[in-house]
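Engineer: Just dropping this structure here.
The values are calculated or read from the model by the stated rules, or taken from the named source; none is laboratory data. The structure presented is a predicted model; accordingly, all values stated were derived computationally and were not measured. Cβ sites come from the backbone with ideal geometry, for glycine too, and all protein chains shown count toward neighbours. SASA here: full protein model, heavy atoms, side chains in, ligands and nucleic acids out. Shrake-Rupley method; radii C 1.70, N 1.55, O 1.52, S 1.80 Å.
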Amino acid sequence: RQLCKIIMKIYINVDITKGWDTWNKMAEELNSDMVSVGGMEFIFKGCETDEKKIHLIMEVESMEKSQEWLTRPDILQKRIEAGAVVESTVVIPLKD
């Protein structure tokens, strides 16, 4: 489960408009690409009870690489189609 070059953990929250199931299905479909190309892996993912905001804790190789992956046009489009309000994304680097 460990990435080979993990440098840090990050906390992310994002508003969603199409509910948890739609967003989570997209996340699962992108998971292998996210790990191999984006250098990112989920530690935790969940949503608030009203399913309007997701909360994630991820391991990432670097902030730059994860930001590149999250803003890649094809990934950005899939996130938007799954109901992510991408402009609401908050990313907070965490210290162990």
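Engineer: What net charge is computed for the residues neighbouring ILE16, neighbours being all others with C-beta under 11 Å from the C-beta of ILE16, Lys and Arg scored +1, Asp and Glu -1?
Structural biologist: Overall, the nearby charge balance is -1.
Engineer: Can you return the lysines within cross-link range of LYS95? Criterion is Cα-Cα under 17 Å, with same-chain partners fewer than 8 residues away left out.
Structural biologist: Answer for LYS95, where 17 Å is the Cα cut-off: LYS5, LYS9, listed by chain and number.
Engineer: So between GLU64 and MET8, what do we pick up on full extension, going 0.36 nm a residue minus the alpha carbon distance?
Structural biologist: Values: separation 56, 0.36 × 56 = 20.16 nm, distance 1.17 nm.
Length gained between GLU64 and MET8: 19.0 nm.
Engineer: Could you look at the chain and say what percent of its accessible area is carbon and sulfur, using a 1.4 Å probe and all protein chains? Numbers along the way, then the final one.
Structural biologist: On the way: 3090 of 5610 Å².
Here it works out to 55 percent.
Engineer: Okay, moving on. Report, ordered by chain and residue number, the lysines lying within cross-link reach of LYS18, taken as a straight Cα distance under 24 Å and ignoring same-chain residues fewer than 8 apart.
Structural biologist: By straight Cα distance, LYS18 reaches LYS45, LYS52, LYS53, LYS78.
Engineer: Related question: For the stretch 11-16, take each phi angle, set θ = phi - 60°, evaluate the Karplus expression 6.51 cos²θ - 1.76 cosθ + 1.60, and give the result in whole Hz per residue in order, putting x for glycine and proline.
Structural biologist: With coefficients 6.51, -1.76 and 1.60, one gets 10, 10, 10, 8, 6, 10 Hz.
Engineer: Which value, in Å², gives the accessible area per residue of the chain when a 1.4 Å probe is used on the protein heavy atoms?
Structural biologist: On a per-residue basis, 58 Å².
Engineer: Once you place label points 7 Å from the Cα toward the Cβ at VAL37 and LEU76, how far apart are they in nm?
Structural biologist: 1.5
Engineer: Continuing with this model, one more query. Normalised by the residues of the chain, what does the relative contact order come to in percent, with Cα pairs under 8 Å and at least six apart?
Structural biologist: Answer for the chain is 45 percent.
Engineer: When the chain is fully extended, how far beyond the present Cα-Cα distance does VAL85 get from LYS53, taking 0.36 nm per residue of separation?
Structural biologist: Stretched fully, the VAL85-LYS53 segment lengthens by 10.6 nm.
Engineer: How are the alpha carbon pair distances in the stretch 1-86 distributed across 10 Å bins from zero to the largest one, expressed in percent?
Structural biologist: 18, 54, 26, 2
Engineer: Further question: For n ≥ 4 DSSP H runs only, could you compute -39500 (n - 2.57) per run for the chain, divide by its residues and tell me the 222 nm figure to the nearest 500?
Structural biologist: Values: 3 runs with 35 residues, N = 96.
Roughly -11000 deg cm²/dmol at 222 nm, from the helical runs in the chain.
Engineer: Can you give the net charge of the other residues whose Cβ lies under 15 Å from the Cβ of LYS25, counting K and R as +1 and D and E as -1?
Structural biologist: Neighbour charge sum, excluding LYS25 itself: -2.
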